[in-house]
Amino acid sequence: AEARGRGVRVVAPPTRRWRGSNGLFLFALFWCGFMAVFTGFSVFAGNKNSDGVPLVFWFFIPAFWLIGLSLLAGAINMGRRTATFAAEGGQLRIETKNLFGTKRLEWRREEVAAIRADASGMEVNEHPVIELQIHPCAGKKVGLLAGRKEDELRWMATRVRRALNIPARKHSS
């Protein structure tokens with residue numbers, strides 16, 4: 001975090017492959033490794049058989065490869081994503097970057113009802129996945145950086161919240 005006058009700039013760097021994906025990267029590697037062995041064995045065994053490889057094989061195997069490669073891309077994306085929060089001059093600006101592009105969000109201080117680290121709605125092994133949440137006064141919450149360490153997310157939320165003087169919870173009307 002970097003103090004900027006009465007504001008703050010918080011950068012969430014990439015966590016890299018292993019930590020950022022919470023085991024998804026290893027699972028994706030296992031899946032793709034299994035598919036490589038299975039595909040190789042099936043093709044080799046099919047060449048020995050006079051009938052060759054059944055046609056249905058060529059419909060299902062690519063689908064399973066697509067699943068494995070999608071898991072791998074998702075895991076790498078989780079480890080490479082970054083976010084920069086700038087809370088200054090009565091505005092909150094967020095820039096997120098990942099493998100699939102850059103996204104920019106911006107709110108005036110009056111447009112934000114709450115900022116906190118809270119459950120995302122997903123669970124891993126019956127434990128909630130925590131994310132940094134921006135709760136606008138109007139519209140749906142914005143969840144960011146799901147799966148990062150809970151204390152890191154709470155620290156980021158607290159720094160940004162204090163810089164803008166915004167509560168952790170929405171006030172009841």
Rounded to the nearest 0.05, what FRET efficiency do residue 149 and residue 11 have when you use their Cβ-Cβ distance and R0 = 22 Å? 0.90
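What FRET efficiency comes out for the pair residue 44/residue 119, r = Cβ-Cβ distance, R0 = 45 Å, nearest 0.05?
Rounded to the nearest 0.05, the efficiency is 0.40.
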DSSP-assigned coil residues among chymotrypsin sites (Phe, Trp or Tyr not before Pro) in region 87-173, each with at most 12 further Cβ atoms within 10 Å: 100
With every protein chain left in place and a probe of 1.4 Å, what is the accessible surface of residue 67, to the nearest 10 Å²? 80 Å²
Give or take rounding to whole Å, what are the principal axis extents of the alpha carbon atoms in region 21-162, in descending order? 74, 28, 23
Just grab the label-to-label distance for residue 103 and residue 35, each label 7 Å out from Cα along the Cβ direction, in nm (one decimal). 2.5 nm
Accessible area of residue 149 in the full protein assembly, 1.4 Å probe (Å², nearest 10): 120 Å²
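The values are calculated or read from the model by the stated rules, or taken from the named source; none is laboratory data. Just so you know, these numbers come straight off a predicted model, no measurement behind them. Cβ atoms come from the backbone with ideal geometry, glycine included; neighbour counts cover every protein chain shown. Surface areas here come from the heavy atoms of the whole protein model, side chains and all, with no ligands, DNA or RNA. Shrake-Rupley method; radii C 1.70, N 1.55, O 1.52, S 1.80 Å.
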